[in-house]
Amino acid sequence: MSVNLSETLVIGVSATALFNLKEADQFFREKFSEDKNTAISEYRKYMLKHENSALKDGTGMPLVKALLELNKYQPEGESPLVEVVVMSRNSPETGIRVLQNIRNQAIKISRHAFTGGESVVDYLDAFDVDLFLTTTVKDAQKVIDAKTCAAAILKNPPKNPKKIPAGQVRIAFDGDAVLFDESSELVYKAEGLDKFIQIEDEQQNEPMQEGPYAALLKKLAKLQERLPFSVESSPVRISIVTARSAPAEMRVIKTLRHWGVYVDEVFFLGGLEKTKVLEAFNPHIYFDDQDLHLENASKIVPSGKVPYLSSSLLNSTEK
């Protein structure tokens, strides 16, 4: 039976992004450093021994649960609004612990990929993934470089997250080098704030080029259209939190209009700290390209870093 997911928002999530598997990962790394030949065998024994043990939620869990709840609005006879695929380097056998915890929490995930040590990245296209959440830097970088889909390296979960109103999905994005391409950011880094503002104001009627998360934003807009709500009252709430300020703000709004995307909230902070705004918006996840912002943000809201292209000049400026 062929399933068409072209209208469905598909989230690929690694097992370590969905659950807290740090203990198991640490065990494997310690064994690997001692004896590479037996590390996999010892890890298999460890996972079998603990396959019925409960796991704590990972950083990606709040978003996954909230998105899957939207399927209660699925129009009859149509494809699901949201699908989630768990993608893990575990073997099927060592993955039983993950599957068991999914069942115990009654999370409605039906698709999985267990690759037995091989990279899961090559299978993203096969599952029509729109967003890949992982804790592995190398995997996220490979996805971004191939421009397969949006990808983020998730930070550790916040210790005391605030409760989000039931029935809502709240997602926050940075702007430049995330939703939009990096050209404006490069101007700012190379030529300074004044030149950046001048160019952005002069080109306010010229839409910005798409960044690594533009396709995801458009897919979220499509999701909003499929829900039985007006876009203004949609349970999917989208926010942009950017360091831009006037007169560089108009180009952002006009670009979103050009893309046909409705965003609930936009904050032009003019260089102010983002943490308080994010705390007030309280998203299920926040995406940014800079550790400078993510270091504090990740302490209060689930957060993910969007890698630059390996060839990007921003890599050197970030360092």
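Among the residues in the range 67-81, are any modelled with pLDDT of 95 or more and among the acidic types (Asp, Glu)?
Checked the range 67-81: at least one residue is modelled with pLDDT of 95 or more and among the acidic types (Asp, Glu).
Just give me the residues in the range 128-151 being crowded, with 20+ Cβ neighbours inside 10 Å and either assigned by TED's automatic domain parsing to the domain that holds Leu217 or under 14 Å from Val10 (Cβ atoms) (or both), in sequence order.
Val129, Asp130, Leu131, Phe132, Leu133, Val143, Cys149, Ala150, Ala151
Applying the selection to the range 199-217, what residues are charged (D, E, K, R) and in contact with an Asp or Glu (Cβ under 7 Å, 6 or more places away or on another chain)?
Of everything in the range 199-217, just one residue is charged (D, E, K, R) and in contact with an Asp or Glu (Cβ under 7 Å, 6 or more places away or on another chain), namely Glu210.
Listed residues Ala246, Ala280; which is surrounded by fewer than 20 Cβ atoms within 10 Å (Cβ to Cβ), assigned to a helix (DSSP H, G or I) and among the small types (Gly, Ala, Ser)?
Ala280 is the lone residue from the list that is surrounded by fewer than 20 Cβ atoms within 10 Å (Cβ to Cβ), assigned to a helix (DSSP H, G or I) and among the small types (Gly, Ala, Ser).
Kindly indicate whether Ser234 is crowded, with 17+ Cβ neighbours inside 10 Å, in the same structural domain as His284 (by TED's automatic domain parsing) and either more than 29 Å from Glu185 (Cα to Cα) or modelled with pLDDT of 95 or more (or both).
Criteria met by Ser234.
So Pro161 ticks every box in (1) under 18 Å from the mean Cα position of the chain (by Cα); (2) buried (at least 17 other Cβ atoms within 10 Å of the Cβ); (3) within 26 Å of Leu227 (Cβ to Cβ); (4) not charged (D, E, K, R) but one. Which box is left unticked?
(2)
Closer than 24 Å to Phe132 by Cα and surrounded by 14 or more Cβ atoms within 10 Å (Cβ to Cβ): is that true of Arg226 in this structure?
yes
Does Thr94 qualify as being among the hydroxyl-bearing types (Ser, Thr, Tyr), modelled with pLDDT of 90 or more and either buried (at least 17 other Cβ atoms within 10 Å of the Cβ) or within 25 Å of Leu227 (Cβ to Cβ) (or both)?
no
When you look at Pro62, is it under 23 Å from Ala140 (Cα atoms) and either modelled with pLDDT of 95 or more or outside the structural domain of Asp139 (by TED's automatic domain parsing) (or both), yes or no?
Spelling it out, Pro62 is indeed under 23 Å from Ala140 (Cα atoms) and either modelled with pLDDT of 95 or more or outside the structural domain of Asp139 (by TED's automatic domain parsing) (or both).
I'd like the residue in the range 289-319 that is under 21 Å from Phe132 (Cα atoms) and among the small types (Gly, Ala, Ser) and, out of all such residues, is surrounded by the most Cβ atoms within 10 Å (Cβ to Cβ).
Ser303
Residue by residue through the range 283-307, note down the ones that are in a strand (DSSP E or B) and touching a Leu at 6+ places or on another chain (Cβ under 8 Å).
Ile285, Tyr286, Asp288, Ser303, Gly304, Lys305, listed by residue number.
For Gly117, all conditions in the list (1) closer than 30 Å to Ser312 by Cα; (2) modelled with pLDDT under 95; (3) outside any loop (DSSP other than H, G, I, E, B) hold save one; what is the number of the exception?
Evaluating Gly117 over (1) closer than 30 Å to Ser312 by Cα; (2) modelled with pLDDT under 95; (3) outside any loop (DSSP other than H, G, I, E, B) leaves (3) as the failure.
Restricting to helices (runs of 4 or more DSSP H) lying wholly in the range 1-101: which have 3 or more residues that are over 19 Å from the mean Cα position of the chain (by Cα)?
By residue number, 22-34, 36-49.
Whether any residue in the range 172-188 is in contact with a helix residue (DSSP H, G or I) (Cβ under 6 Å, 6 or more places away or on another chain) and free of Cβ contacts under 8 Å to residues at least 24 places away in the same chain is what I want to check.
Checked the range 172-188: at least one residue is in contact with a helix residue (DSSP H, G or I) (Cβ under 6 Å, 6 or more places away or on another chain) and free of Cβ contacts under 8 Å to residues at least 24 places away in the same chain.
The values are calculated or read from the model by the stated rules, or taken from the named source; none is laboratory data. Here the structure is a predicted model, which means the values were calculated and not measured. Reconstructed Cβ throughout: ideal geometry from the backbone, glycine too, with neighbour counts over all protein chains shown.
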